[in-house]
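The values are calculated or read from the model by the stated rules, or taken from the named source; none is laboratory data. None of the values given here were measured: they were computed from a predicted structure. Here the Cβ positions follow ideal geometry from the backbone for every residue, glycine too, while neighbour counts run over all protein chains shown. Areas reflect the complete protein model, heavy atoms only, side chains present, ligands, DNA and RNA absent. Shrake-Rupley method; radii C 1.70, N 1.55, O 1.52, S 1.80 Å.
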Amino acid sequence: DGRKMSKSLGNVIDPWQILDTRGADALRWWMFVQGSPWTPTRTSMQVIDLTTRDTLVKLWNTYSFFMTFASINGFDPASPEVPGRAERPELDRWVLSRLERATQAVSASLDGYEPLPAAAAISSLIDDVSNWYVRRSRRRFWRTDPNLPASDSLAAHATLHEVLVRVTLLMAPLCPFLADYLYSGLVDAAPADSVHLCDWPPADDASIDVALEDRMAVAREVVSLGRAARAEAGIKVRQPLRRALVFLPAGTALPPAGVVEDELNVDRVEYSAAMSDVLTYELHPNFRSVGPKLGERAGLLRDALSSLDAAEAARTLEAGGTVSVVLDGERVELDSGDLELRVRAEEGFAVSRAGAVVVALDVELDDELRRRGAMRELVRQVQELRKDRGLEVTDHVELWVSGIELDDAERGLLAREVLADAVRPGPGDGDGAAMEVADDILATVWLSVVS
């Protein structure tokens, strides 16, 4: 009896406990992602739970998100109004390109009996879909933005549907139960009753756009650095900023239009070939490297470096070149391992950098920016109020607001974001919810569900 045997082995994890509490697919997935099957590996229930959360839970949440809004919006994947792949926005074409490249990788790995790289490719794709595509597409599914055409929402629904169906096919050999369950929910008029009766999907090479993937990768790196700069400056992403200055190495393709602006909540992004107007570069010796190389002359290096154009030297080093200095009459070549580059922001800017990519945020706030930040905070707290009241995403509400006077544009923004049919000056009936939306603004909100 397997249960009795496992109990007699002491510190061995009881596989039946995993099957009974996590499911067979959670165990399978951990086995595929933990490494080569012949490599000894320590594990625990916590490790299995972690691998499950990192991929399977993300996939389930993405599936649930799609099914919710597909039902609300009456999405039909067979509708003739669904735009073709080539006519969809860049974000859709990007994730479809990622899908096709993942299909290539999984097919090649499983053909070679290598489940680890196949699982890694699937996990990476699911992370991109959940943490980038769905997050950036939420308004397209909500259909609350009056500036977005209906075809844009259809494209988003169709794209996510195609991605999820393909993922079930790719995951079928690895997580058969989860894949079959998701497939049955996604495909009504199925060519087969089970995902395991479907043909293996070929990759659509025509949908692969490596250049677009590279541009989106640049966008994500810039966004990551911009958020780091915000965090260091103690400024929340909800607070709009006037501009971001971005320095990219020569030849780097620019990110898709509007992506960085939206993600960093800045009015504009300026791409600059030089950041000397907002940054001060400083070169310092790395004595662990230059000490053995220069001996006693290493002590002369600080003064020699002070005569260099630090910004120009930084660009040279980050391009893989060397800079030269003269020590005791002899010219010495120094590379990036010999020198430490430090970047300091000028007053009014927050800076973050990784290698040759630098992002500088203009953190000076005026009254108009602060007001917009307060509105963002008001929207966030009303959304939290909706959740606390247990409202469904489709529930319409009416709001009464006191403590802050809203103009027509602000009322319209609040109404769209929180699905309010009306936003009126307060007070409303009963006790309102107090909300500190800025240091000097305390609002009170009354919320009523529309029958």
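Of Y181, Y113, Y133, all but one fail to be free of Cβ contacts under 8 Å to residues at least 24 places away in the same chain and either assigned to a helix (DSSP H, G or I) or open to solvent by less than 10 Å² (accessible area, probe 1.4 Å) (or both); the exception is Y181.
Could you tell me whether the range 93-100 includes any residue that is among the polar types (S, T, N, Q) and under 20 Å from A203 (Cβ atoms)? Yes, the range 93-100 contains at least one residue that is among the polar types (S, T, N, Q) and under 20 Å from A203 (Cβ atoms).
Taking L169 as the residue in question, decide whether it is over 22 Å from M216 (Cβ atoms) and either out of contact with any Phe, Trp or Tyr (no Cβ under 6 Å at 6 or more places or on another chain) or part of a helix (DSSP H, G or I) (or both). Taking the combined requirement at face value, the residue satisfies it. A single member of V450, V418 is among the hydrophobic types (A, V, I, L, M, F, W, C), open to solvent by less than 40 Å² (accessible area, probe 1.4 Å) and closer than 20 Å to T144 by Cα, and it is V418.
Taking residues in the range 286-297 that are of a type in the set (D, E, K, R), and partners anywhere that are surrounded by 14 or more Cβ atoms within 10 Å (Cβ to Cβ) and modelled with pLDDT under 85, the pairs with Cβ atoms closer than 9 Å and at least 6 places apart or on different chains are R297/V290.
Exactly one residue out of V106, V33, V95, V12 is modelled with pLDDT under 95 and within 25 Å of the chain's Cα centre (by Cα): that is V33. When the strands (runs of 3 or more DSSP E) confined to the range 339-451 are screened for residues that are closer than 30 Å to S224 by Cβ, those reaching at least 2 such residues are found at 339-345, 349-354, 357-362, 433-438. On inspection, L361 passes the criterion of being modelled with pLDDT of 90 or more, crowded, with 16+ Cβ neighbours inside 10 Å and within 30 Å of E232 (Cβ to Cβ). For the range 147-158, the criterion of a residue being part of a helix (DSSP H, G or I), within 29 Å of A420 (Cα to Cα) and open to solvent by 30 Å² or more (accessible area, probe 1.4 Å) is satisfied by at least one position. Out of R215, R140, report the one residue that is surrounded by 17 or more Cβ atoms within 10 Å (Cβ to Cβ), assigned to a helix (DSSP H, G or I), of a type in the set (D, E, K, R) and at pLDDT below 95. One residue alone meets the criteria, R140.
Just one residue in the set V358, V351 is in contact with a Ser or Thr (Cβ under 9 Å, 6 or more places away or on another chain) and of a type in the set (A, V, I, L, M, F, W, C); that residue is V358. Evaluated against (1) within 23 Å of G355 (Cβ to Cβ); (2) at pLDDT 90 or above; (3) open to solvent by 40 Å² or more (accessible area, probe 1.4 Å), D262 falls short on exactly one condition, (1).
When the criteria are applied in full, T252 meets the requirement of being among the polar types (S, T, N, Q) and part of a loop (DSSP other than H, G, I, E, B). For beta carbons closer than 8 Å, sequence separation of 6+ or different chains, a first residue in the range 392-404 that is without any contact (Cβ under 8 Å) to a residue 40 or more places away in the chain and a second that is surrounded by fewer than 20 Cβ atoms within 10 Å (Cβ to Cβ) and in a strand (DSSP E or B), the qualifying pairs are I404/I441. Can you tell me which residue is most open to solvent (accessible area, probe 1.4 Å) among those in the range 44-85 that are under 18 Å from P149 (Cα atoms) and part of a helix (DSSP H, G or I)? My answer is I72. Scanning the range 298-343 for residues that are modelled with pLDDT under 80 and in contact with a helix residue (DSSP H, G or I) (Cβ under 6 Å, 6 or more places away or on another chain) gives a single hit, L341. Taken together, the criteria place A244 among residues that are touching a strand residue (DSSP E or B) at 6+ places or on another chain (Cβ under 7 Å), closer than 15 Å to R353 by Cα, at pLDDT 85 or above and open to solvent by less than 10 Å² (accessible area, probe 1.4 Å).
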